[in-house]
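Q: Take a look at the following structure, please.
The values are calculated or read from the model by the stated rules, or taken from the named source; none is laboratory data. This one's a predicted model, so the numbers in the text were calculated from it and none came from an experiment. So basically every Cβ, Gly included, is an ideal-geometry build from the backbone, and we count neighbours across all protein chains shown.
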């Protein structure tokens, strides 16, 4: 019983995240992240089954794509709810970007697996190559920005960087963009459109990377210069 209790509290702690109106946006964020996880788990099952049987479970793949799209919608909804109901919380300020990273991780890995399966079927090398590039760039962006955010907090807890337009546009384009890429692999089998959409997502991710890194370094330099006076 103690193991079950600890497992439940690991997934949900009502004392740390009580169910109330103020935490409504946080619960939408949490739900979206778990839906995104479920989508990734289904893609893993789909991927493993293909290698075990050399067959595709079509309904499983489309269910995973649908859940990925639903998770993307939840990310748009939580911000709207937080602003509309004036329930922006301090927890939400770190909760939302944390779960965004979980979504990006699941979406990029899922796309890479899907692209590789259809490369083995169709021989279209463009799909896995672009998917892997997008996966790497996404991981590079999140880790590098996370490092600079931690660096700034070590220099001074007064250094804060508000959400940048590049980050907002990245989320707006990438979260619905990943389900679209799956559909461009199959059933549409459109490598040219896949390349165009991938290029857009890669570009906005690189823009966000530069924008945040530049912003944090500028604030760190300014703080160090003012401290030296």
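Q: Please work out if residue 79 is assigned to a helix (DSSP H, G or I), at negative phi, within 20 Å of the chain's Cα centre (by Cα) and surrounded by fewer than 20 Cβ atoms within 10 Å (Cβ to Cβ).
A: So residue 79 passes the test.
Q: Now for a different question. Could you please tell me which pairs satisfy a Cβ distance under 9 Å, a separation of 6+ or placement on different chains, a first residue in region 139-150 that is closer than 18 Å to residue 218 by Cα, and a second residue that is outside any helix (DSSP H, G or I) and at pLDDT below 95?
A: Here the result reads 148/161; 149/161, each pair linking region 139-150 to a residue that is outside any helix (DSSP H, G or I) and at pLDDT below 95.
Q: If a residue must be over 18 Å from residue 173 (Cβ atoms), crowded, with 18+ Cβ neighbours inside 10 Å and at pLDDT 75 or above, how many such residues does region 83-98 contain?
A: Quick first cut of region 83-98, residues over 18 Å from residue 173 (Cβ atoms) only: 83-95, 98.
Next cut, crowded, with 18+ Cβ neighbours inside 10 Å only: 92, 95.
Filter again for at pLDDT 75 or above, leaving 95.
Going through region 83-98 one residue at a time, the tally reaches 1.
Q: Regarding region 121-128, can at least one residue be identified that is surrounded by fewer than 16 Cβ atoms within 10 Å (Cβ to Cβ), modelled with pLDDT of 90 or more and within 18 Å of residue 48 (Cβ to Cβ)?
A: Yes.
Q: Something else about it: Using the structure shown, decide if residue 182 is under 30 Å from residue 225 (Cα atoms), in a helix (DSSP H, G or I) and touching a residue at least 12 places away in the same chain (Cβ under 8 Å).
A: Details: under 30 Å from residue 225 (Cα atoms): no; in a helix (DSSP H, G or I): yes; touching a residue at least 12 places away in the same chain (Cβ under 8 Å): yes.
Judged against the criteria, residue 182 is not a match.
Q: Using the structure shown, decide if residue 38 is under 21 Å from residue 179 (Cα atoms), in a helix (DSSP H, G or I), within 15 Å of the chain's Cα centre (by Cα) and touching a residue at least 12 places away in the same chain (Cβ under 8 Å). Please lay out each step first, then the result.
A: Numbers: under 21 Å from residue 179 (Cα atoms): yes; in a helix (DSSP H, G or I): yes; within 15 Å of the chain's Cα centre (by Cα): yes; touching a residue at least 12 places away in the same chain (Cβ under 8 Å): yes.
Criteria met by residue 38.
Q: Pull up region 161-179, narrow it to residues that are without any contact (Cβ under 8 Å) to a residue 24 or more places away in the chain and outside any helix (DSSP H, G or I), then point me to the one that is farthest from residue 75 (Cα to Cα).
A: 162
Q: Taking residue 130, is it in a helix (DSSP H, G or I), over 20 Å from residue 212 (Cα atoms) and either touching a helix residue (DSSP H, G or I) at 6+ places or on another chain (Cβ under 7 Å) or in contact (Cβ under 8 Å) with a residue 24 or more places away in the chain (or both)? Steps first, answer last, please.
A: Numbers: in a helix (DSSP H, G or I): yes; over 20 Å from residue 212 (Cα atoms): yes; either touching a helix residue (DSSP H, G or I) at 6+ places or on another chain (Cβ under 7 Å) or in contact (Cβ under 8 Å) with a residue 24 or more places away in the chain (or both): yes.
When the stated conditions are applied, residue 130 passes them.
Q: Taking region 185-194 as the search range and keeping residues that are part of a helix (DSSP H, G or I) and in contact with a helix residue (DSSP H, G or I) (Cβ under 7 Å, 6 or more places away or on another chain), which one is surrounded by the fewest Cβ atoms within 10 Å (Cβ to Cβ)?
A: Per the criteria, the residue is 193.
Q: In region 7-35, which residue that is in a helix (DSSP H, G or I) and at pLDDT below 70 is nearest to residue 71 (Cα to Cα)? Explain how you work it out, then say what you get.
A: Here is the first cut: in region 7-35, the residues in a helix (DSSP H, G or I) are 7-11, 21-35.
Going one step further and asking which of them are at pLDDT below 70, we end up with 7-11.
Details: 7: 24, 8: 22, 9: 23, 10: 21, 11: 18 Å.
Of everything passing the filter in region 7-35, 11 is nearest to residue 71 (Cα to Cα).
Q: Quick check, is residue 105 crowded, with 17+ Cβ neighbours inside 10 Å, modelled with pLDDT under 95 and closer than 30 Å to residue 55 by Cβ? Talk me through it step by step, then tell me what you get.
A: On the way: crowded, with 17+ Cβ neighbours inside 10 Å: yes; modelled with pLDDT under 95: yes; closer than 30 Å to residue 55 by Cβ: yes.
Yes: the conditions hold for residue 105.
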